[in-house]
Amino acid sequence: MLGVTGGIAAYKAAELTRLLVKAGATVDVVLSAGGARFVGAATFQALSGRPVWSDLWDEAAPGGMAHIELSRGADAILVAPATADFLARLAQGRADDLLTTLCLARECPLLVAPAMNRQMWQQAPTRRNMQVLADDGVALLGPASGEQACGEVGPGRMLEAEELFDELAAYLQPKLLAGRRVLLTAGPTIEAIDPVRAITNSSSGKMGYALARACHEAGAAVTLVSGPVSLPVPRGVRRSSVTSALEMRTQVFADLPGQDIFIAVAAVADYRPASLAADKIKKGSAEMTLSLLPNPDILAEVAASPQAPFCVGFAAESRELAQYAEAKRVAKKLPLVVGNLVQDGLGADHNSVILFDARGAHALPTAPKLEVARGIVAHIAKLLGGR
Ligand code: C5P
């Protein structure tokens, strides 16, 4: 159920409705009298493909009891935008219109996305109301800080539709890793040859970042050690940026104490140049040989360290996936290896993976990387059990 109250951010609720419907959700929109001043019911009706509800006394409501029936069976109620006045009435437990009544009569989680002028947001009564709502278990999405419709700049901007969609999806994920601490590596490493040249690989970091996000969604405290990629830091994740394999190793061991789970997704360069040329190497006509030294295997070292966390490795292979992945699992003494054929996943937005553990191989369906990541998290949680 999507509640829309009277703020200019109501136009973003129309886009949010579209995103939710596109993702397969059934969306019942409840529009307050104020909300209807900004966006008409016809807009939400067209986008949700369902009737829009506004009136506590609507005789067409299911069972003739709009204030109770409309939220029955809902997985969540999200109010976006939530005005200062609506939040105040919610904190008071008022039931003086359809939306407040539905919120009071609900059995499902309630999330609010505030939208108001920065002074209204910072004023003592709103602060008090937000504290009451937090104590009552109402989840708060945003607000963001920035330019406001009134021309002022500060906190109170409603999150964008895509952000609200992501936050809601994250909120609804089962908290399989609640209380756990997870450390991940992601992305490629870059091994410098001279000031302008380097050895690297085409890892995009997408799978590692999706896993960091999925771990956070599952309730874990997440630290991500990332090679150079152009991806935004997932919300709620602490990221350290590194360049080379040696830097990645140093950072991983600095962050390791107290971690429950280590997931090595990074495509760490296996070798680095034996020496770094101080100046740019000049072109010549003779054949050139580059001398390489093997890099430390970060995952194997972590897995062999005292009080090692639960370690998960990745195996990207171009052939004979099962054989290589299982060999890697045994050699590095890992409880779990995630295998994928490079032609299936490298750089792409989708991935198909097979999970190898002590009990055998388990294929996950081909899906967007975030969905694959959620599947991997569920498998990790199952293997961890009560450990
Ligand atoms: O042995 P291979 O490099 O194929 O193993 C891949 C797994 O080991 C991945 O999980 C990768 O992140 C990790 N790894 C590592 N340090 C390296 C090489 C690989 O942590 N130097």
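The values are calculated or read from the model by the stated rules, or taken from the named source; none is laboratory data. Computed from a predicted model, the values in this text were never measured in an experiment. Reconstructed Cβ throughout: ideal geometry from the backbone, glycine too, with neighbour counts over all protein chains shown. Accessible surface areas use protein heavy atoms only, side chains included; no ligands, DNA or RNA. Shrake-Rupley method; radii C 1.70, N 1.55, O 1.52, S 1.80 Å.
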Compute, for the chain, the length of the dipole vector about the Cα centre, with Cβ point charges of +1 (Lys, Arg) and -1 (Asp, Glu) only. Units Debye, rounded to 20. 820
Quick check on the chain: helices-only [θ] at 222 nm, where DSSP H runs of length 4 and up contribute -39,500 (n - 2.57) each and the sum goes over total residues. Nearest 500, please. -10000 deg cm²/dmol
Near Lys369, which aspartates and glutamates are there with a Cα under 16 Å away, not counting those fewer than 8 places off in the same chain? Asp166, Glu217, Asp344, Asp349
Rg(Cα) / (2.2 N^0.38 Å) computed for the chain, rounded to two decimals: 1.20
Name the long-range amide H neighbours of Arg239: under 5 Å, sequence gap of 5 or more, or other chain; modelled H, no Pro or chain starts. Leu224
Using modelled backbone amide H atoms (1.01 Å from N, in-plane), which distant-in-sequence or interchain residues come within less than 5 Å of Leu292's amide H? Ala274
Let me make sure I get this right: for region 56-148, a, b and c are the square roots of the gyration tensor eigenvalues over alpha carbons, sorted descending. Under 1.5 in a/c it's rounded, otherwise prolate if a/b > b/c, else oblate. Which is it? prolate
Which of Val21, Val79, Val268 ends up with the largest GNM mean-square fluctuation for the chain, with Cα atoms connected below 10 Å? Val21
Kindly write out, for region 132-145 in residue order, the coupling ³J(HN,Hα) from the Karplus curve 6.51 cos²θ - 1.76 cosθ + 1.60 (θ = phi - 60°), rounded to whole Hz, with x marking Gly and Pro. 4, 5, 4, 5, 7, x, 7, 7, 9, 10, x, x, 8, 10
If contacts are Cα pairs under 8 angstrom and at least 6 residues apart, what is the relative contact order of region 2-171 in percent? 22
Computed ³J(HN,Hα) along region 193-199: with the Karplus parameters 6.51/-1.76/1.60, θ = phi - 60°, integer Hz and x for glycine or proline, the list is 9, 8, x, 10, 10, 7, 9
Just to be sure I understand: of the beta bridges DSSP finds with both ends in region 2-171, what percent are antiparallel, rounded to 5? 25
Note, region 49-58: 3J(HN,Hα) by Karplus (6.51, -1.76, 1.60, θ = phi - 60°), whole Hz, Gly/Pro = x, goes x, 9, x, 9, 10, 9, 10, 4, 9, 5
How would region 323-387 be classified by its alpha-carbon gyration tensor: rounded, prolate or oblate, with rounded meaning a/c under 1.5 and the a/b versus b/c comparison settling the rest? oblate
Would you look at the GNM of the chain, springs on alpha carbons closer than 10 Å, and say which of Ala264, Ala115, Ala363 moves the most? Ala363
The chain: longest stretch without exposed GluC sites (Glu not before Pro) (DSSP loop, at most 10 other Cβ within 10 Å), sites themselves excluded? 108-286
Amide H proximity to Ile190 below 5 Å, modelled H, separation 5+ or other chain, gives Ser244, Ala245
For the chain, modelled as a GNM with alpha-carbon contacts under 10 angstrom, which of Gln173, Gln119, Gln251 fluctuates the most? Gln119
On the protein heavy atoms, probe 1.4 angstrom, tell me the percent of accessible surface of region 2-171 carried by carbon and sulfur. 51
Bridge orientation stat for the chain from DSSP, antiparallel percent rounded to 5, came to 35
Tell me, what is the per residue accessible area of the chain in Å², probe radius 1.4 Å? 48
DSSP beta bridges in region 214-343 [antiparallel fraction, %, rounded to 5]: 20
Averaging sequence separations of C-alpha pairs under 8 Å and six or more residues apart, then dividing by the length of the chain, give the relative contact order as a whole percent. 11
